[in-house]
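Read through the structure below, which is laid out as structure tokens, and then see the notes.
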Amino acid sequence: MTCARVRPVVDMLAASPGTRAFVMPLRFLLSRLLLAVLSLWGVSVLAFAILRILPGDPAILMAPVGSTAQDIERIRQEFGLSGSWWAQYGAFFLSLCRGTSGARSGFSRTRSA
């Protein structure tokens, strides 16, 4: 079909009252959904930036007193702190999408009776 043939059909559908009553709320809902997704993404970027701007090395702060350099490096690897900021944000965002941010390994263990 050429563009000249399609345009009258689109105009006719847009002009009919039943279609207009369906299209307007759908357009409104899609725009609100897009704004919600963009807002949540912006909040995740802001939260990540605030957590990374704080002074100090998070791995050193999490390590117990008397930890060796190998222990601190293991903590960095475990929490994904050894990569670039882009890689860290990717891991942070994926954990938010999965709902696993803040999950600790101690909570996933099964208890024996």
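What follows is calculated from the coordinates using simple rules that are stated; it is not laboratory data. Values in this document were obtained by computation on a predicted structure and should not be read as measured data. A quick note on method: Cβ atoms are made from the backbone with ideal geometry, for glycine too, and the neighbour counts reach across all protein chains shown.
Any idea how far apart Ala21 and Leu38 come out in nm if each label point goes 7 Å out from Cα toward Cβ?
3.1 nm
For the modelled label position 7 Å from the Cα of Ala87 along Cα-to-Cβ, which residues of region 58-79 have backbone nitrogen atoms closer than 13 Å?
Zone members listed by number: 76-79.
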